[in-house]
Structure formats: structure tokens, C-alpha cells
Amino acid sequence: MNIGEASKSTGVSAKMIRYYERIGLISAAGRSEAGYRTYNDVDVHALQFVRRARDLGFPLDAIRQLLALWQDRSRTSQDVKRIALDTVAELRRKMAELETMARSLEHLALHCRGDERPDCPIIDDLADRAPRAGRSSLMVQAPSRDEGAVRSASALASILGEAE
């Protein structure tokens, strides 16, 4: 089958199939006499494997490892489980980050009047804090020890600067 048919069969776009081949995630497709990519059942099965792994949130490096384990009949399930649990931990970390971001944005929106006036704490926060801290100044989480030390040092410098 050609790349369009492989794409339709697997739900992986032709662009992603070419990308996966380019980075060596999947084997390069065979070529027809005219130079078009051709895919057999084994290729399509590998693409379905990759698609399912992506749907479950596995990063490309983990998928590369899982593909190798899938093809290795002497693999141990503990190796597969370790990769899965590492991915679960990363997904949970990202979920916590997203939850913190949502709470912060809700907090900012709660403090925005949403009227005809130009004053807006959301814009103020984005303009004043984003480049320096990389996140909202009103993040709804406790600062790390390092962040707290930096904030304390900045506040002290500000106070000393004003006193002079």
C-alpha cells in the first residue's frame, strides 16, 4: 500500500509517517519502481503500535524502546513496565503543572473586573512577570526554596535601593 493508504489505515498522518522514518523510529519504507513509498502489513502494524503508544502519552524515546522490546522475544516484562511507569510519572507531573496553571489563570480572572476599564490583572501579570519568572506571579503554589531566596534577595535589594 502507498503512504496515503497506510495513513488512512493507521490514523497516522503521511507527514508523521515520513517524520518517523526520518528519525529512525520506524524502518524506511520500501520503494516502488516509480520511487513511491510502499508499506506492507508489518510496516502498518508498527505504525499502529506507534499510534497507540502516542495515544497513551509515551514520548518518542520511550516508543523507540518499546518498539525494540516488542521485537525482542527475550525481553522481560519488567523492562516494559518500567517504561510505562516512568511515563505515568511524567504524565502526572504534567497534569499537576496544568492544574496549577488553570488555578493561576482562574485566580487572575477572578481578580479581573471584566468591565470597560483598561485595568486588568491578567495583562499586568503577563507583562510584568512572564519574562522573569517564566510563569504567573500569582501562581497558586508555594515557591521553592530557591525561588523564595531569590524573591527575598530582590525585595531586600529593592528596599536598600529605595533607602539610598
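Look at region 57-84: where a residue is basic (Lys, Arg) and a partner is surrounded by 11 or more Cβ atoms within 10 Å (Cβ to Cβ), sitting 6+ places away or on another chain with Cβ atoms under 9 Å, you get Arg64/Leu25; Arg75/Ala68; Arg75/Leu69.
Would you mind stating whether Ser74 is surrounded by fewer than 13 Cβ atoms within 10 Å (Cβ to Cβ) and assigned by TED's automatic domain parsing to the domain that holds Lys15? Criteria not met by Ser74.
Considering each residue of region 1-44, count those that are within 25 Å of the chain's Cα centre (by Cα) and surrounded by fewer than 11 Cβ atoms within 10 Å (Cβ to Cβ), and give that number. Result for region 1-44: 4. For region 27-85, the candidate set comprises residues that are of a type in the set (Val, Ile, Thr) and outside any helix (DSSP H, G or I); within that set, the residue that is nearest to Ser13 (Cα to Cα) is Thr38.
Quick check on region 45-54. Is at least one of its residues among the β-branched types (Val, Ile, Thr) and not assigned by TED's automatic domain parsing to the domain that holds Leu25? No, region 45-54 contains no residue that is among the β-branched types (Val, Ile, Thr) and not assigned by TED's automatic domain parsing to the domain that holds Leu25.
The values are calculated or read from the model by the stated rules, or taken from the named source; none is laboratory data. The model shown is predicted, which means the values in this text are computed figures rather than measured ones. All Cβ positions, even for glycine, are placed from backbone atoms using ideal geometry, and neighbour counts span all protein chains on display.
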